[in-house]
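Bear in mind that the values in this text are calculations on the coordinates, not laboratory data. These figures come from a predicted structure and were not determined experimentally. We place every Cβ from the backbone using ideal geometry, glycine too, and count neighbours over all the protein chains shown.
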Amino acid sequence: MTLTARRIDHILQDKTLSAPLQAIAEKILNDERITPEEGQLLFEKGELGYLGALANYQREKRHGNRTYFNRNFHVEPTNVCLYTCTFCSYSRLIKKREEGWEYSLEDILDIVKKYDGEPVTEVHIVGGVLPQYDVKFYTELFKAIKKHRPDLHVKALTPVEYHYIFKKDKVTYEEGMRIMKEAGLDSMPGGGAEIFHPEIRDQIAGGKCSGEQWLRIHEIWHELGMRSNATMLYGHIERFEHRIDHLEKLRQLQDKTGGFQTFIPLKFRNQDNQMSHVPESTVVEDMRNYAISRLYLDNFDHIKAYWPMIGRNVAQMLLSFGVDDIDGTIDDTTKIYSMAGSEEQTPAMSTRDLVNLIRRVGREPIERDTLYNVIQDYTDHVFEEDEQFKGYTALPVVNR
Ligand code: SF4
């Protein structure tokens, strides 16, 4: 019997487990969908071992030991922003814009050109919202990137930016997303979702697009035959019912379009923002949240732990709690989470680092492109650097 099967068997034999949790476990093992009420119960009563075993069962059923990563870099055109989201440590208000940065199209192209000849497959572009970054700016940017490097996947902007620029330029969502596709946009990242429920969203992200508008823009993008990701910012002032409401809305849209690739829970960090008084969630709560996300979003292929936000050690543990993707090499090109106090102050990992991080917990590292096409299986790959260390003798005390 495999370790996963033993863990599941242990759950089913556990006489102390309540009947409702036992029933949920059986549903999950039979691939039946759990209801919002059952999801709520998992948040309220599901213990870490129980949730982890079930989430890992689902993870291994879908992906075995395969764990995905990609080689990417981020470009953040500006950290000055019209909005004042209370959880945001990254943005600078317009009246203090001299403290931030505002890149021109040429500045951004220069950043992209720094990766000429490097085996990166994706540029991830998100940032603050300002009037000069409009439909014209972004369409010219996407076209220029594609002209310079046609094979580079452009994953850019969230409904927060799209809602703003389409409104400003008086184009409908449908027209706007079609214009972006024609300009070279390949996919949309999952940001800006925060918590959809207005009771929370109005308090933490008032003024920017609503939950319905976020979902509608993704729906339109999916109807164009394109793919995107989804996120949830958790662990601040929301309650479990708001998380379930959020997951349920994503699950319903995914039933309709099938256009989401991966779900990324994002942990609220409390450094240097308007919610610094709100304590951060514990690692145990983080792990429970990832596991429940895996169990609830039964129509999402992938659950991703974004390592610059959660830290590489927790990301490694999460590979046994439903997660099958840990994002990319990043190359120290995002400031969004380091400025909010994450453990990763200069987020960058070489491919070798990422591969070894995955291997050390017994998983198989697979480099993917943005659309999850396999680029290289690193399971048995030997890096040149590893070759150089072959002559070293293992410590006898460890080998005994
Ligand atoms: S989260 Fe985004 S929209 Fe909100 S203030 Fe920060 S940069 Fe602006």
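Where both partners of a DSSP beta bridge lie in the chain, what percent of those bridges are antiparallel, to the nearest 5?
Antiparallel bridges make up about 15 percent of those DSSP assigns within the chain.
Divide by every residue of the chain the summed helix terms, -39500 (n - 2.57) for each DSSP H run of at least 4, and state the resulting mean residue ellipticity at 222 nm, rounded to the nearest 500 deg cm²/dmol.
-13000 deg cm²/dmol
With no other cysteine's Cβ closer than 4.7 Å, which Cys residues of the chain count as lacking a disulfide-compatible partner?
So far as the 4.7 Å Cβ criterion goes, Cys81, Cys209 stand without a partner in the chain.
So for each of 219-230, 19-30, 156-167 I average, over its residues, the number of other beta carbons within 10 Å; can you give me the resulting order with the highest mean first?
By packing density, highest mean first, the sequence is 156-167, 219-230, 19-30.
List the equivalent ellipsoid semi-axes of the chain in whole Å, largest first, each obtained as the square root of 5λ for an eigenvalue λ of the Cα gyration tensor.
34, 27, 20
Hey, what did the chain get for relative contact order, percent, Cα under 8 Å, at least 6 apart?
Over the chain, the number comes to 21 percent.
With a sphere of radius 14 Å drawn around the Cβ of Gln132, what net charge do the other residues whose Cβ falls strictly inside it have (Lys, Arg +1; Asp, Glu -1)?
The answer is -4.
For Arg227, which sequence-distant residues (separation of 5 or more, or a different chain) have an amide H within less than 5 Å of its own amide H, given hydrogens modelled in the peptide plane?
The list, which skips near neighbours in sequence, is Met188.
Determine ³J(HN,Hα), in whole Hz, for all residues of the stretch 288-298 in sequence, where each value follows from phi through the Karplus function 6.51 cos²θ - 1.76 cosθ + 1.60 and θ = phi - 60°; x replaces Gly and Pro.
4, 5, 5, 5, 5, 4, 4, 6, 7, 8, 6
Could you list which residues have their amide H under 5 Å from that of Arg66, counting only those 5 or more apart in sequence or on another chain, with H placed in the peptide plane?
For Arg66, the qualifying residues are Glu364.
Assigning unit charges at the beta carbon (Lys, Arg +1; Asp, Glu -1) and nothing else, what dipole magnitude in debye, to the nearest 20, does the chain show about its Cα centre?
So the dipole magnitude of the chain works out to roughly 180 debye.
Which ³J(HN,Hα) values in Hz, rounded to whole numbers, follow from the phi angles of the stretch 351-356 under the Karplus curve 6.51 cos²θ - 1.76 cosθ + 1.60, where θ = phi - 60° and Gly and Pro get x?
4, 5, 4, 5, 4, 5
Using per-residue counts of other Cβ atoms within 10 Å, averaged over each peptide, order 56-66, 288-298, 35-45 from highest down.
By packing density, highest mean first, the sequence is 288-298, 56-66, 35-45.
Please give the per residue volume of the convex hull enclosing the alpha carbon atoms of the stretch 24-181, rounded to a whole number of Å³.
Taking only Cα atoms, the stretch 24-181 has a hull volume of 194 Å³ per residue.
Among the listed pairs Lys170/Lys256; Lys136/Lys170; Lys113/Lys155; Lys113/Lys143; Lys113/Lys146; Lys27/Lys61, which are separated by more than 22 Å between their Cα atoms?
Lys170/Lys256
Zone of Trp101 (label point 7 Å along Cα→Cβ, backbone N under 13 Å): which residues in the stretch 121-163?
Those under the cut-off are 126-128.
Report the relative contact order of the stretch 44-118, percent, no decimals, based on alpha-carbon pairs under 8 angstrom and at least 6 residues apart.
Relative contact order comes out at 23 percent.
Quick one: the Cα spread of the stretch 3-63 along its three principal axes, in angstroms, biggest first?
27, 24, 19
Ordered by residue, what ³J(HN,Hα) values in Hz, to whole numbers, does the stretch 122-131 give under the Karplus form 6.51 cos²θ - 1.76 cosθ + 1.60, where θ = phi - 60° and Gly and Pro are x?
These are the phi-based 3J(HN,Hα) values: 9, 10, 10, 10, 8, x, x, 10, 9, x Hz.
List the residues whose amide H sits under 5 Å from the amide H of Glu122, counting only those 5 or more places along or on another chain, with H placed 1.01 Å from N in the peptide plane.
Result for Glu122 returns Phe73, His153.
How big is the stretch 104-192 in terms of Cα radius of gyration and Dmax, in angstroms?
Reported Rg and Dmax, both Å: 12.6, 39.
Who wins for biggest fluctuation among Asp110, Asp186, Asp255 in a Gaussian network model of the chain, springs between alpha carbons below 10 Å?
Among Asp110, Asp186, Asp255, the largest mean-square fluctuation in the Gaussian network model of the chain belongs to Asp110.
Would you work out the Kirkwood radius for the stretch 257-331? I mean one over the mean of 1/r across all pairs of different Cα atoms, in Å.
13.2 Å
Sort the following peptides by mean Cβ neighbour count (other Cβ atoms within 10 Å, averaged over residues), highest first: 320-328, 236-244.
The peptides rank, most packed first, as 320-328, 236-244.
Which lysines have a Cα lying under 24 Å from the Cα of Lys96, excluding residues fewer than 8 positions away in the same chain?
Correct list for Lys96: Lys168, Lys208, Lys335.
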